[in-house]
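Step one of this worksheet: look at the structure below.
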Amino acid sequence: MIAMLGAALVVALAVKASATSLTSQPVIDFYYSTSSMHYSPGPTDTYYLRRAPLLHSTDLVNWEYIGHSVPTLDWGSNTPFKAETPTHSYIYTAPSATGPWTKWAEYPNQCFYDCGLLFDDNESPYIAYGSKTIQVAQLSSDLKTIVSTRAVYTYDGNAEGSPMYKIKGTYYILNIDPAKMIQYVVKSTSIFGPYRSFNFWTARIVLFLAPENPISANGSVGGIVDDPQGNWYYMAFCDAYHGGRVPVLAPISFNDQGFPQLLDPSDFGPQWEWNHNPLTSAFSVGGNDRLTLRTASVTHDIYKARNTLTHRIPGPKSSATIKLSYSNMHDGDCAGLVLLRDLSSWIDIVNHNGISTIAVWTNCTLTRDNNSIWSTGSLGSLQASVDIPPPQDDAANPGSVWLRATADIAPSGPRTVNFAYSFDGIAFEDIGDPFVMVKSWEFFLRYRYGIFNFATRALGGSVRVESFAINGV
């Protein structure tokens, strides 16, 4: 095993949470190298810094620390600073992943920036590296000298992070635009090119119907890895900022052009449940449209509205946010996000005479008769509303609105729900008064988030749910 350290970053795989269960895989060793920046591991018998933590897994999901691949880097508080200090790259080797690791080679004045290492079929070692202009260097068989270097691809904008692979005779290099958070892939039948590109995020994949990505960001600086069954996965990280960079995992496939891409979900994850037996002709999943909900009921009663898609509320406090495209709603249609139980409240978009309004409704109830039969007691009432301004020609998201519900379901908490909306997905405005959830034992099922679309006048309208995200609060 070889670990490499460039001027600043360690060659690393990082890891988007997916629906795929990996815990039943046969035992196989996966290793994950990351960076520790200026941090040094715990008690040690040297005053040097050990860096580049190594982790081990047998299923790509559960990881444990096993050591550090860079045992020593000289450092001292009295080290003088010089602007022209050259960059160095190092190669470390070990008899096993747990060590001991020793420095094998040093490349003075050479920065293999954000690099990826590949041993070709004939064991020839290559390194892909660089920023914007990606280069490939062939190393000597003993890894101690550079045989040749060639620029293989230049991006229009920034690009870095260059894990490199050879899969069925094709060479792949993955790069990330750190500003736009776009993952690119270039491939070639020759290691020195020419390479052609593919935008990993062309369809702007949103893991909506697979289990949610718990971090509201795309994976980036990722690599790909396969398992013994031939399944492939994209392994990257998401920036959680105060939580650092969190590893994530997502299944991928190779398209007709031979490029890896995230799997486009064509069915619901097991955490989703309908409020009624669904009318299957009234919804569609997948493709660029994501989830399309066509009106399936003409009613003023949300309990009788078919095809309300529900999701349990994570506790103790969480928010659910949907991005809803409403341009195809018909007059009288209502679509939005509900807190569903025997006392319900929701935020929705209402289309009335061609005017779209964001509204909050409350005090919609179910009642139980003497025979324990539940029926609607109240249709609820309008609490607050705001008109949606007509979309401008230069609007970033014409015909789209974000709706959010934040629920506190802690047993000893206030049981409140706050609703909010946004026209850009960034700045949210609260609307309506806090809704207080009931906890009566007669209707013992918990509250759920629900996504709905129903007609009050005639069928025919639809909405597109472009994203759904749940975040702890």
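Sort out which residues of segment 332-358 are among the small types (Gly, Ala, Ser), buried (at least 21 other Cβ atoms within 10 Å of the Cβ) and under 18 Å from TRP402 (Cα atoms), and write them in order of number.
Initial filter on segment 332-358 (among the small types (Gly, Ala, Ser)): 332, 335-336, 344-345, 354, 356.
Still in the running and buried (at least 21 other Cβ atoms within 10 Å of the Cβ): 335-336, 344-345.
Scanning segment 332-358 gives ALA335, GLY336, SER345.
Taking the condition among the basic types (Lys, Arg) and either more than 33 Å from the chain's Cα centre (by Cα) or closer than 25 Å to SER422 by Cα (or both), does ARG341 pass? No: the conditions fail for ARG341.
Only one of LYS180, LYS166 is surrounded by fewer than 16 Cβ atoms within 10 Å (Cβ to Cβ), under 26 Å from CYS238 (Cα atoms) and under 24 Å from the mean Cα position of the chain (by Cα); which? Working first, answer last.
On the way: LYS166 fails: under 24 Å from the mean Cα position of the chain (by Cα).
Exactly one residue qualifies, and that residue is LYS180.
The strands (runs of 3 or more DSSP E) found wholly in segment 358-473 and carrying at least 3 residues that are at pLDDT below 95 occupy 374-387, 462-472.
Please count how many residues of segment 131-147 are of a type outside the set (A, V, I, L, M) and over 38 Å from the mean Cα position of the chain (by Cα).
As a first pass, look at segment 131-147 and keep what is of a type outside the set (A, V, I, L, M): 131-133, 135, 138, 140-142, 144-145.
Those left that are additionally over 38 Å from the mean Cα position of the chain (by Cα): 140-142, 144-145.
Looking only at that region, the number is 5.
Looking across segment 153-166, the residues that are in contact with a Pro (Cβ under 9 Å, 6 or more places away or on another chain) and either of a type in the set (Gly, Ala, Ser) or at pLDDT 95 or above (or both) come down to TYR153, ALA159, GLY161.
How do the strands (runs of 3 or more DSSP E) wholly within segment 72-152 filter down when requiring 2 or more residues that are at pLDDT 95 or above and closer than 19 Å to MET164 by Cα: which remain? Break it down into steps so the answer makes sense when it comes.
Working: elements: 88-93, 102-108, 116-119, 125-129, 133-139.
In segment 72-152, 116-119, 125-129, 133-139 are the strands (runs of 3 or more DSSP E) which contain 2 or more residues that are at pLDDT 95 or above and closer than 19 Å to MET164 by Cα.
For segment 307-316, check the following and say yes or no: at least one residue is surrounded by 20 or more Cβ atoms within 10 Å (Cβ to Cβ), hydroxyl-bearing (Ser, Thr, Tyr), at pLDDT below 95 and assigned by TED's automatic domain parsing to the domain that holds PHE423.
So in segment 307-316, the residues surrounded by 20 or more Cβ atoms within 10 Å (Cβ to Cβ) come out as 307-309, 313.
Pick out the ones that are also hydroxyl-bearing (Ser, Thr, Tyr) and you get 308.
Then keep just the ones that are at pLDDT below 95; that gives none.
No, there is no match, as no residue in segment 307-316 is surrounded by 20 or more Cβ atoms within 10 Å (Cβ to Cβ), hydroxyl-bearing (Ser, Thr, Tyr), at pLDDT below 95 and assigned by TED's automatic domain parsing to the domain that holds PHE423.
Within segment 23-34, is there a residue that is surrounded by 13 or more Cβ atoms within 10 Å (Cβ to Cβ), in contact with a Ser or Thr (Cβ under 7 Å, 6 or more places away or on another chain) and modelled with pLDDT under 50? No - not one qualifying residue is present in segment 23-34. For MET329, the conditions (1) buried (at least 23 other Cβ atoms within 10 Å of the Cβ); (2) in contact with a Phe, Trp or Tyr (Cβ under 9 Å, 6 or more places away or on another chain) all hold with the exception of (2). Among the criteria (1) at pLDDT 90 or above; (2) under 14 Å from the mean Cα position of the chain (by Cα); (3) β-branched (Val, Ile, Thr), the one ILE215 does not fulfil is (1).
Which residue out of THR367, THR416 is closer than 22 Å to TYR303 by Cα and over 30 Å from the mean Cα position of the chain (by Cα)?
Numbers: THR416 fails: over 30 Å from the mean Cα position of the chain (by Cα).
Of the residues listed, the single one that is closer than 22 Å to TYR303 by Cα and over 30 Å from the mean Cα position of the chain (by Cα) is THR367.
Scanning segment 52-69 for residues that are under 12 Å from ALA97 (Cβ atoms) and aromatic (Phe, Trp, Tyr) yields one hit, TYR65.
Scanning segment 272-317 for residues that are within 23 Å of the chain's Cα centre (by Cα), closer than 20 Å to ARG448 by Cα and of a type in the set (Ser, Thr, Tyr) returns a single hit, THR310.
Tell me, which strands (runs of 3 or more DSSP E) wholly within segment 219-300 include 3 or more residues that are at pLDDT 85 or above, crowded, with 17+ Cβ neighbours inside 10 Å and not assigned by TED's automatic domain parsing to the domain that holds SER162? Walk me through how you get there before you give the answer.
Working: elements: 220-226, 232-239, 245-254, 260-262, 272-274, 291-294.
It comes to 291-294.
The values are calculated or read from the model by the stated rules, or taken from the named source; none is laboratory data. These figures come from a predicted structure and were not determined experimentally. Here Cβ is always computed from backbone atoms with ideal geometry, including for glycine, and neighbour counts include all displayed protein chains.
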